[in-house]
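The values are calculated or read from the model by the stated rules, or taken from the named source; none is laboratory data. On a predicted model such as this, the values are computed, not experimentally measured, just so you know. With ideal geometry, Cβ positions are generated from the backbone for all residues, glycine too; neighbour counts draw on all protein chains shown.
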């Protein structure tokens with residue numbers, strides 16, 4: 001009983017084909033058009049991000065429960081022999097597979113699209129604000145999953161600014177306005193709500209306490225409980241951590257993030273299972289632009 | 001000294017922006033046009049694939065050295081506390097991070113795009129051949145990596161048939177012809193070569209021995225050592241394993257796979273670093289089609 005034709009669910013992740021895939025792409029194309037209006041340059045990042053980068057953000061202290069590690073076996077031949085003697089049988093039986101000795105863990109599955117940008121701009125001085133965008137597969141371990149609403153792997157489109165405090169604030173204000181306009185144009189209702197990130201033991205984490213004292217995260221909440229987009233002010237947290245300078249000071253950053261599967265869910269919840277009833281049916285995705293500038 | 005403007009390398013994976021991203025997308029759009037001519041339906045799959053599915057293919061016995069596991073920590077609070085006490089410091093210092101107790105390992109980073117299709121069609125009887133396509137991020141642990149040529153994470157576009165033995169053979173023949181035509185149109189030279197998969201201890205693996213006795217894999221090899229596309233006949237291996245029937249028998253399958261980063265490499269190796277000299281500059285990616293059929 002899949003509510004959205006062409007959507008498939010394996011218990012923690014979604015696959016797409018047909019109308020659901022089409023809708024997914026039209027939604028992302030709508031986000032890309034917004035990124036274009038903002039003048040954001042598009043990037044594509046790989047699945048993994050280095051643990052070293054996440055450590056600089058204190059990610060492992062703040063979100064140890066959410067991390068998915070990329071782990072490979074030590075290549076010693078006897079180690080591989082020990083592993084393979086059991087693995088196909090255990091995995092086939094639906095038991096978890098038992099790893100033998102592993103290589104040092106240096107990479108993590110990307111937990112948020114924008115985390116790739118800050119190391120990329122590390123130790124640079126910007127003479128103008130940088131507007132950036134990417135769609136990345138993001139990964140968060142949770143206690144339970146729900147189709148399209150809460151997934152181990154999900155698509156996140158982000159638009160990011162790296163600039164002065166005023167440029168970051170102006171971006172965040174515009175982002176909230178643009179999301180509200182987009183929702184209204186699609187006939188959807190999601191309420192802007194002050195929120196905090198899901199820290200481990202928030203009562204003892206200084207970052208979590210800071211977020212409560214100085215609200216920096218606005219989520220657009222659909223149906224009372226589903227955040228479909230968020231606007232985040234990071235102050236100079238990433239600029240300072242990664243040595244990015246703008247106007248003689250550590251750069252400020254802000255981001256606008258869309259959970260693409262959640263927008264698919266919203267459309268189906270609001271308009272039903274018949275693709276003919278969905279909005280965005282006549283919108284075409286933009287063709288690839290002839291030439292793009294590079295400033296990386 | 002990046003040879004391709006807009007391409008970035010982190011030691012095992014690539015990121016893209018500007019002209020390199022543009023080229024990457026134009027190449028995939030070219031593969032999608034071929035998939036369209038073949039009548040293949042497009043799918044999008046998530047990062048991970050279940051270990052149970054790979055076990056059915058004896059993947060862990062055959063390629064234990066190549067697997068990347070998706071591993072999360074046991075959520076016990078004391079376990080998470082033990083982990084976070086060290087993790088940010090160790091990862092920040094560039095040492096591998098030490099995992100404390102982990103959850104049972106049930107998921108693996110997708111090693112080949114087409115592996116998602118066989119469980120999807122499991123226990124079905126097809127009244128016509130199914131032509132399918134997807135682009136997936138694929139992951140293979142190797143002893144060394146090279147930008148665009150050999151990556152831990154890379155983009156793979158596949159076109160797949162599930163049908164009778166004759167349908168699979170006809171698809172494989174057409175695929176070889178289409179790849180040769182595509183290469184010629186781009187002014188590129190890659191030689192079709194009989195190949196085998198990189199099995200662990202191939203001399204003792206019955207699947208590897210079978211591959212040598214009955215050649216089923218043709219690779220198009222650029223510059224003497226780089227496989228940029230492969231055409232693979234699986235006989236009824238996947239059809240039998242996953243209970244897919246066609247014409248009263250276990251279905252035969254075949255696939256055509258493109259390593260997208262390797263095509264970016266080929267274009268830069270052949271035409272240099274100036275995007276104005278690249279072919280495909282005037283080709284636009286196809287807009288999203290108005291409606292797609294679903295038969296899943």
- Message: So residue B:285 passes all but one of these: (1) within 13 Å of chain A (Cβ to nearest Cβ); (2) at pLDDT 95 or above. Which condition number does it fail?
- Response: (2)
- Message: Would you confirm whether or not the range A:103-110 contains a residue that is more than 8 Å from chain B (Cβ to nearest Cβ) and either closer than 23 Å to residue A:152 by Cβ or free of Cβ contacts under 8 Å to residues at least 60 places away in the same chain (or both)?
- Response: yes
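Table: residues versus (1) in contact with a helix residue (DSSP H, G or I) (Cβ under 8 Å, 6 or more places away or on another chain); (2) over 26 Å from residue B:116 (Cβ atoms); (3) surrounded by fewer than 19 Cβ atoms within 10 Å (Cβ to Cβ).
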{"residue": "B:142", "(1), (2), (3)": "no, no, yes"}
{"residue": "B:154", "(1), (2), (3)": "yes, no, no"}
{"residue": "B:161", "(1), (2), (3)": "yes, no, no"}
{"residue": "B:179", "(1), (2), (3)": "no, no, no"}
{"residue": "B:189", "(1), (2), (3)": "yes, yes, yes"}
{"residue": "B:208", "(1), (2), (3)": "yes, no, yes"}
- Task: Could you look through the range B:191-206, keep only residues that are buried (at least 17 other Cβ atoms within 10 Å of the Cβ) and touching a strand residue (DSSP E or B) at 6+ places or on another chain (Cβ under 8 Å), and pick out the one that is modelled with the lowest pLDDT?
- Result: B:197
- Task: Show the residue pairs that are 6+ apart or on different chains and have beta-carbon atoms under 8 Å apart, the first residue being within the range A:31-51 and on the phi > 0 side of the Ramachandran plot, the second being at pLDDT 95 or above.
- Result: A:39/A:131
- Task: Give just the number: which of (1) within 16 Å of residue A:58 (Cβ to Cβ); (2) under 21 Å from the mean Cα position of the chain (by Cα) does residue A:205 not satisfy?
- Result: (2)
- Message: Being modelled with pLDDT of 95 or more, more than 7 Å from chain B (Cβ to nearest Cβ) and either more than 19 Å from residue B:116 (Cα to Cα) or crowded, with 22+ Cβ neighbours inside 10 Å (or both) is true for just one of A:33, A:25. Which residue is that?
- Response: A:33
- Only one of (1) at the interface with another protein chain (Cβ under 7 Å from one of its Cβ atoms); (2) over 19 Å from residue B:91 (Cβ atoms); (3) in contact with a strand residue (DSSP E or B) (Cβ under 8 Å, 6 or more places away or on another chain); (4) modelled with pLDDT of 95 or more fails for residue A:125. Which number is that? (1)
- Query: Looking at the range B:1-15, which of the residues that are touching a helix residue (DSSP H, G or I) at 6+ places or on another chain (Cβ under 8 Å) and either more than 8 Å from chain A (Cβ to nearest Cβ) or free of Cβ contacts under 8 Å to residues at least 40 places away in the same chain (or both) is surrounded by the fewest Cβ atoms within 10 Å (Cβ to Cβ)?
  - Reply: B:3
- On the given criteria, is residue B:216 touching a strand residue (DSSP E or B) at 6+ places or on another chain (Cβ under 7 Å) and at pLDDT 95 or above? no
- Task: Among the candidates B:224, B:187, B:240, single out the residue that is touching a strand residue (DSSP E or B) at 6+ places or on another chain (Cβ under 8 Å) and not in a strand (DSSP E or B).
- Result: B:240
- Item | Residues that are over 19 Å from residue A:190 (Cβ atoms) and either outside the structural domain of residue A:207 (by TED's automatic domain parsing) or touching a helix residue (DSSP H, G or I) at 6+ places or on another chain (Cβ under 9 Å) (or both), drawn from the range A:220-246 | A:233, A:234, A:235, A:236, A:237, A:238, A:239, A:241, A:242, A:244, A:245, A:246
- Considering only residues that are in contact with a strand residue (DSSP E or B) (Cβ under 8 Å, 6 or more places away or on another chain) and either assigned to a strand (DSSP E or B) or surrounded by fewer than 23 Cβ atoms within 10 Å (Cβ to Cβ) (or both), look in the range B:84-97 and name the one that is nearest to the other protein chains (Cβ to nearest Cβ). B:96
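Yes or no, residue by residue, for (1) under 17 Å from the mean Cα position of the chain (by Cα); (2) under 30 Å from residue B:72 (Cα atoms); (3) away from chain B (no Cβ under 14 Å):
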| site | (1), (2), (3) |
| --- | --- |
| A:144 | no, yes, no |
| A:148 | yes, yes, no |
| A:152 | yes, yes, no |
| A:156 | yes, yes, no |
| A:159 | yes, yes, yes |
| A:169 | no, no, yes |
| A:178 | no, no, yes |
| A:181 | no, no, yes |
| A:194 | no, yes, yes |
- Message: Suppose we filter B:20, B:40, B:70 for residues that are more than 7 Å from chain A (Cβ to nearest Cβ) and over 24 Å from residue B:146 (Cβ atoms); which single one remains?
- Response: B:40
- Query: Does residue A:130 satisfy being closer than 22 Å to residue A:246 by Cα, away from chain B (no Cβ under 12 Å) and either out of contact with any helix residue (DSSP H, G or I) (no Cβ under 9 Å at 6 or more places or on another chain) or surrounded by 20 or more Cβ atoms within 10 Å (Cβ to Cβ) (or both)?
  - Reply: no
- Task: Starting from residues that are buried (at least 21 other Cβ atoms within 10 Å of the Cβ), at the interface with another protein chain (Cβ under 8 Å from one of its Cβ atoms) and touching a helix residue (DSSP H, G or I) at 6+ places or on another chain (Cβ under 8 Å), keep the ones in the range A:47-60 and report whichever is farthest from residue A:117 (Cα to Cα).
- Result: A:60
